[in-house]
Number of protein chains: 2
Amino acid sequence: MSIVITGGAGFLGGLVTEALLERGGEEELVSLDLAPSAHTSPRVRSVVGDLADQGVLEEAVGPETTAIIHLAAVLSGGSEDDFDLSMHVNVDGTRALLERARTVSAGADAPLRFVATSSLAVFGGEVPSVVPSSWATQPDSTYGALKAVVELLVNEYSRKGFVDGRVCRLPTISVRPGRPNSAASSFASGIIREPLQGVESVCPVPHDTLMWLSAPRTAVTNLLHALDLPPEDLGSWRVMNIPGLTVSVGEMLETLGRVGGDVARSLVRDEPDARITAIVGSWPGAFEVDDLLERGFVRDESFAQMVQEYVEDHLAAP
Amino acid sequence: MSIVITGGAGFLGGLVTEALLERGGEEELVSLDLAPSAHTSPRVRSVVGDLADQGVLEEAVGPETTAIIHLAAVLSGGSEDDFDLSMHVNVDGTRALLERARTVSAGADAPLRFVATSSLAVFGGEVPSVVPSSWATQPDSTYGALKAVVELLVNEYSRKGFVDGRVCRLPTISVRPGRPNSAASSFASGIIREPLQGVESVCPVPHDTLMWLSAPRTAVTNLLHALDLPPEDLGSWRVMNIPGLTVSVGEMLETLGRVGGDVARSLVRDEPDARITAIVGSWPGAFEVDDLLERGFVRDESFAQMVQEYVEDHLAAP
């Protein structure tokens, strides 16, 4: 038995692999990514290659596969810069993966579980202050548009019984370790992470911008909960607005000041960026999530706690 | 200059061609379909072939093209029966057409106008009695899912400036002439058309089912209005719930009785079909359309008038 993790060598993919290793079990964990997984456990096998490549897919997904956690994607900034690459990876890559899962499922007792990640970037235009589950996706970005396409495809493949899909619209992840990435929301980690390490950082959006945030570990907990839920606990529409915490950019900077002091706070320079403000400003700052909390999904309690998690995981003395 | 009509040999395509011929102008009208257009005007050129075939697309769409009216599709019943065909035509065909339009637009002063048809089948699950423009598409059918994908693609190609798209979510068309088609809503014409010609017809859904209907000519008027609207009169989200009339199946049958008498009415036999009831029952019966009516879109005044239009156009003595 195996669980395939696309984007397994990425940040979230690494955390998902770690969480699956920690909870035990005997499944092989297959990382499908352009780079090999950093995990050295004998339970982890890396398949390196392009998601849309049939040979690569056949190497990663086979009769032994019981589930796929699909994290690989071109992010929001990268998608805005290169539409065709985003189409290739986010749409065609997902389609190839869904087709492979469909083929494998056809010979299995039950269709493969297929956890896909989406994003609040599927929303655009005018949104209410708290977005209900029935709110239309009217994306204002390439990333959002193509993720909305992916949502529809995974849902339809599930309705047809080709796969057993669960789509998680993740909040913006903060605080991510490492370096800035191509997401338009990269600053939501950068304005905390860089100053706490004595490095300057730029805040490209107004301080009253509301962000819908999740700590990395909380996001992974929710992804694995989505994987574990029995199909009967899912609605016929398989797309879920995963719980997050509403925090203004101003509150994020205040928290930085409390944790890192005036020195850290002073390292953040406001430098308005119209492109990023337009993309991030079109994303909702809050969602109705009571139904998902009742079904066992979780959220962070405070942004201070989220910063604390980052400090403990990445900055604390060894 | 030319206007390309995909599905030009189909029922709606024929009416669109006719309406464009009637309003004059000098553009060549290119019918792109698996069959040639029935129109014999020297202004009409038929390109026969598959929408997803690059050579066919290049023959139909070129630097002389100013607009595309994209009607070709595998309908709801056919899509439910053959998922892969629906993917090929409805998604890949539209993508190939969008890419061709993008290439041509790149060398033009303004991006090509691209009128695409969608359907109320994009809606599923629980819907409010009157659906607002911000209501989520959560399709319950392959046709609806893949049309929702098309909506997102046309909108995104428009946002990027690759084409100047306008997506019309058409009501169910009634009364269509001719023979039943593969749409799950085919009965919405059949229960009127067949009895008025002395032929038996089957009603597969409960009489309290609410339908959102448009007469064929009204739908064509709205499609051409969508074509004509200057870009500044469109919102940033290019998908429109085209006005229709809410009519229950019971009211439709009463109207049949008034127009065709007891004899015609008695030719409709109730024969519940769970598959069709499930598909059609997931479609909304009414939409908020005041905004579109203000922008010049129109709707029929009564179902009796719609039946009268059918009688005049297709049954009246020559």
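Throughout, read-outs are computed from the coordinates displayed, never taken from laboratory work. All values reported here derive from a predicted model rather than from experimental measurement. Virtual Cβ from ideal backbone geometry, glycine too; neighbours counted across all protein chains shown.
Evaluated at q = 0.12, 0.16 Å⁻¹, the base-10 log of the normalised Debye intensity for region B:151-292, with identical point scatterers placed on the Cα atoms, takes the values -0.57, -0.87.
The C-alpha atoms of chain A define a longest principal axis, and helix A:216-228 lies at about 20 degrees to it. Shown here are the Rg and Dmax of the Cα trace of region B:143-205, at 16.8, 53 Å. Calculated from the alpha-carbon coordinates, region B:26-67 shows an Rg and a Dmax of 10.2, 28 Å respectively.
One Cα centroid belongs to region B:245-307, the other to region A:243-295; the line between them spans 49 Å.
Normalising by residue count, the protein assembly as shown has a Cα convex hull of 156 Å³ per residue. Computed from Cα positions, the angle between helix A:142-159 and the longest principal axis of chain A comes to roughly 30 degrees. When only C-alpha pairs under 8 Å and at least 6 residues apart count, what is the relative contact order of chain B, in percent? After rounding, I find 17 percent. Rounded to the nearest 10 degrees, the inclination of helix A:94-106 to the longest alpha-carbon principal axis of chain A is 40 degrees. Think of chain A as having a plus end and a minus end, set by charges on the Cβ of Lys, Arg, Asp and Glu; of A:Ser158, A:Leu170, A:Ile242, A:Ser158 sits farthest toward the positive end of this dipole.
Here the label points at B:Lys160 and A:Glu126, each 7 Å from Cα along the C-beta direction, are separated by 2.9 nm in the simple model. Using a 7 Å projection from Cα along Cα-to-Cβ, the label point at A:Arg23 is separated from the same position in the remaining copies by 5.8 nm, smallest value first. The mean count of C-beta atoms from other chains within 10 Å of the C-beta of residues in B:203-211, rounded to a whole number, is 0. The helix-based estimate of mean residue ellipticity at 222 nm for chain A, built from -39,500 (n - 2.57) per DSSP H run of four or more residues and divided by its residue count, is -11500 deg cm²/dmol to the nearest 500. Note on A:Asp228 and A:Asp92: the model spin-label points, each 7 Å out from Cα along the C-beta direction, lie 3.8 nm apart. Mind jotting down the distance between the C-alpha centroids of region A:179-193 and region B:9-86, whole Å? When both Cα centres are located, 47 Å separates them.
With each label modelled as a point 7 angstrom along the Cα→C-beta vector, the A:Thr40-A:Arg275 pair spans 4.0 nm. Remark: the A:Glu200-A:Asp109 segment gains 27.3 nm on full extension, using 0.36 nm per residue and subtracting the alpha carbon distance. Peptide B:153-162 shows a mean partner chain C-beta count of 4 within 10 Å per residue C-beta. One chain, two ends: B:Gln54 and B:Arg23. Fully extended at 0.36 nm per residue, the span grows by 8.1 nm beyond their Cα-Cα distance.
Please report, to one decimal in angstroms, the Kirkwood hydrodynamic radius of chain A built from all distinct Cα-Cα pairs.
Working: mean 1/r = 0.0503 Å⁻¹.
It is 19.9 Å.
In Å, what Kirkwood hydrodynamic radius results for region B:16-165 from the alpha-carbon pair distances?
Values: mean 1/r = 0.0607 Å⁻¹.
About 16.5 Å, per the Kirkwood formula over Cα pairs.
When the alpha-carbon atoms of region A:266-318 are used, the pair Rg, Dmax equals 16.5, 42 angstrom.
Note on B:8-15: average number of Cβ atoms from other chains within 10 Å of each residue's Cβ is 0.
Ordering B:Ala67, B:Gln54, B:Phe83 by the projection of their Cα atoms onto the charge dipole of region B:7-102, which places +1 on the Cβ of Lys and Arg and -1 on the Cβ of Asp and Glu, puts B:Ala67 at the extreme positive end. Expressed as a fraction of 2.2 N^0.38 Å, the value expected for a compact globular protein of N residues, the C-alpha radius of gyration of region B:1-76 is 0.99.
Rank these for me by crowding, A:Asp140, A:Asp109, going from fewest to most other beta carbons within 10 Å. Let's see the in-between values first.
Details: A:Asp140 22, A:Asp109 5.
Listed from fewest to most nearby Cβ atoms, that is A:Asp109, A:Asp140.
For region B:168-318, the dipole from Cβ point charges (+1 on Lys and Arg, -1 on Asp and Glu) about the Cα centre works out to 440 debye, to the nearest 20.
List A:Val122, A:Val115, B:Val127 from most exposed to least, where exposure is judged by having the fewest other Cβ atoms within 10 Å. Can you show the working numbers first?
On the way: A:Val122 29, A:Val115 25, B:Val127 19.
By the 10 Å Cβ count, ascending, the order reads B:Val127, A:Val115, A:Val122.
Computed from point charges on the beta carbon alone (+1 for Lys and Arg, -1 for Asp and Glu), the dipole magnitude for region B:74-207 about its Cα centre is near 520 Debye.
Report the charge-dipole magnitude of the protein assembly as shown in Debye, nearest 20, computed about the Cα centre from +1 at each Lys and Arg Cβ and -1 at each Asp and Glu Cβ. Walk me through the numbers on the way to the answer.
Working: 46 positive and 88 negative charges, 28 e Å.
Magnitude of the dipole: close to 140 debye.
For A:Lys160, the label point sits 7 Å beyond Cα toward Cβ; its separations from the matching points on the remaining copies run 2.4 nm, from shortest to longest.
Distances between copies of A:Pro206, taken at a point 7 Å out from Cα along the Cα→Cβ vector and listed shortest first: 4.9 nm.
The phi torsions of region B:7-23, fed into the Karplus equation with coefficients 6.51, -1.76 and 1.60 and a -60° offset, translate into couplings of x, x, 8, x, 5, 5, x, x, 5, 5, 4, 4, 5, 5, 4, 5, 7 Hz, rounded to whole numbers, with Gly and Pro shown as x.
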